[in-house]
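Before any comments, here is the structure.
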Amino acid sequence: MKRIVTATVNNHSGVLNRITSLFSRRGYNIESITVGHTETPEISRMTFVVNVDDKQKAEQLTKQLNKQIDVIKVQDITEQPMVARELALIRVLTTAQTRSEITGLIAPFRATIVDVSKTTMVVQATGDSEKIEALIELLRPYGIKDIARTGTTAFTRGSLTKATSDNKPVSIIN
């Protein structure tokens, strides 16, 4: 079962290594990791897509991550309303005849062409993993030369609120 776990951590050397070592020692399979600065330069956000057997192991993982030095907050956001995206760059073999075909093929995915050469073009796509996989499968018959993917990055959606008769907000989604 895939779980999406986010962690905010102090932006120090060695933090990523300590955390991935924990995953390795405990036998968790990491499908993807993304790490980047947050609105505060001293803090980074890590997003892990992890394969775990059951929800209990997922809870154990978040508890173990919370014990790590430099970890500020850990959340398993799999079952929460969230925004999750992945970026893919796909280098496809092309000819003068197939360029327009490929351009038409990628349009419904809102993908863009970011580089064109005599024999290849690079397509950039963002979206959830299923969307990226679907695009890759459609481009495969043309000949994919390279693929670079970022892995999933995600965070929870803002809570929806409504005003009550006394104009105090009431959360609709936690």
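The values are calculated or read from the model by the stated rules, or taken from the named source; none is laboratory data. Treat the numbers as computed from the prediction; the structure is a model and nothing was measured. Every residue, glycine among them, receives a Cβ derived from its backbone with ideal geometry; neighbour counts consider all protein chains shown.
Quick rundown of the values:
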| item | result |
| --- | --- |
| Number of the exception - residue 19 against (1) part of a strand (DSSP E or B); (2) among the β-branched types (Val, Ile, Thr); (3) touching a helix residue (DSSP H, G or I) at 6+ places or on another chain (Cβ under 9 Å) | (1) |
| Segments classed as strands (runs of 3 or more DSSP E), wholly inside the range 66-174, with at least 3 members that are of a type in the set (A, V, I, L, M, F, W, C) and at pLDDT below 95 | 82-93 |
| The range 121-149: number of residues that are out of contact with any helix residue (DSSP H, G or I) (no Cβ under 8 Å at 6 or more places or on another chain) and surrounded by 17 or more Cβ atoms within 10 Å (Cβ to Cβ) | 4 |
| Residue within the range 22-35 that is among the aromatic types (Phe, Trp, Tyr), part of a strand (DSSP E or B) and outside the structural domain of residue 148 (by TED's automatic domain parsing) present | no |
| Selection status of residue 59, modelled with pLDDT under 95 and either more than 28 Å from residue 136 (Cβ to Cβ) or part of a loop (DSSP other than H, G, I, E, B) (or both) | yes |
